[in-house]
1. Could you tell me whether any residue of the stretch 78-85 is surrounded by fewer than 14 Cβ atoms within 10 Å (Cβ to Cβ) and at pLDDT 95 or above?
2. Give the residues of the stretch 63-106 that are touching a residue at least 40 places away in the same chain (Cβ under 8 Å) and not aliphatic (A, V, I, L, M), sorted by residue number.
3. Look through the stretch 59-106, keep the residues that are polar (S, T, N, Q) and outside any strand (DSSP E or B), and return whichever of them is nearest to Arg30 (Cα to Cα).
4. Read through the list (1) closer than 14 Å to Ala100 by Cβ; (2) aliphatic (A, V, I, L, M); (3) touching a Lys or Arg at 6+ places or on another chain (Cβ under 6 Å), then give the number of the only condition that Ala65 fails.
5. So for the stretch 23-40 (the condition being exposed (fewer than 11 other Cβ atoms within 10 Å of the Cβ), among the aliphatic types (A, V, I, L, M) and modelled with pLDDT of 95 or more), does at least one residue qualify?
6. Just checking, which of Arg14, Arg30 is basic (Lys, Arg) and in a loop (DSSP other than H, G, I, E, B)?
7. Could you please find all residues in the stretch 12-22 being open to solvent by 80 Å² or more (accessible area, probe 1.4 Å) and of a type in the set (A, V, I, L, M)?
Amino acid sequence: MSVEQRSSARKIMRAKAVVAMDGMPPQPARTLDIGASGMSLTFEHKLAVGQLGSVSFELFLDGKAQIITCRSKVSYCIFSGDHFKIGYQFVNLDPTALNAISKFLR
């Protein structure tokens, strides 16, 4: 039985994303879901738990796409089929990003 680590509810969000982990070039990914404190996505490469980097993704608000970039830390990495499912915890989320994510979650 797994223990739920999330501290907030999640909302399904399917969008293109770019993962730029510290020391690695930016790479494409796809979002799965998002919450106030983190998100999950699919990625082609295995990442270490605790690894830091940035995740950029499109968030549609009021019919317009906004690019949000969040400093994030890997909270889990699970091999799933032909890719990895990565869980991220946001780190020091800036007020603009927090506001946009909160608005999307309503």
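1. So the first thing to find is which residues in the stretch 78-85 are surrounded by fewer than 14 Cβ atoms within 10 Å (Cβ to Cβ), and the list is 78-82.
Add one more test, that the residue is at pLDDT 95 or above, and what stays is 78-79.
Yes, some residue in the stretch 78-85 is surrounded by fewer than 14 Cβ atoms within 10 Å (Cβ to Cβ) and at pLDDT 95 or above.
2. Ser75, Tyr76, His83, Phe84, Lys85, Gly87, Tyr88, Gln89, Phe90, Ser102, Lys103, Phe104
3. Restricting attention to the stretch 59-106, the residues satisfying the condition of being polar (S, T, N, Q) are 66, 69, 72, 75, 80, 89, 92, 96, 99, 102.
Of the ones still in play, those that are also outside any strand (DSSP E or B) are 92, 96, 99, 102.
Values: Asn92: 22, Thr96: 22, Asn99: 22, Ser102: 20 Å.
The selected residue is Ser102.
4. Ala65 satisfies all of (1) closer than 14 Å to Ala100 by Cβ; (2) aliphatic (A, V, I, L, M); (3) touching a Lys or Arg at 6+ places or on another chain (Cβ under 6 Å) except (3).
5. So far as the stretch 23-40 goes, no, none of its residues is exposed (fewer than 11 other Cβ atoms within 10 Å of the Cβ), among the aliphatic types (A, V, I, L, M) and modelled with pLDDT of 95 or more.
6. Values: Arg30 fails: in a loop (DSSP other than H, G, I, E, B).
When all the criteria are applied, what remains is Arg14.
7. The one that is open to solvent by 80 Å² or more (accessible area, probe 1.4 Å) and of a type in the set (A, V, I, L, M): Ile12.
The values are calculated or read from the model by the stated rules, or taken from the named source; none is laboratory data. Note that this is a predicted model, so its numbers are computed, not measured. Ideal geometry is used to build each Cβ from the backbone, glycine not excepted, and the neighbour counts take in all protein chains shown. Note: areas computed on protein heavy atoms with side chains; ligands, DNA, RNA excluded. Shrake-Rupley method; radii C 1.70, N 1.55, O 1.52, S 1.80 Å.
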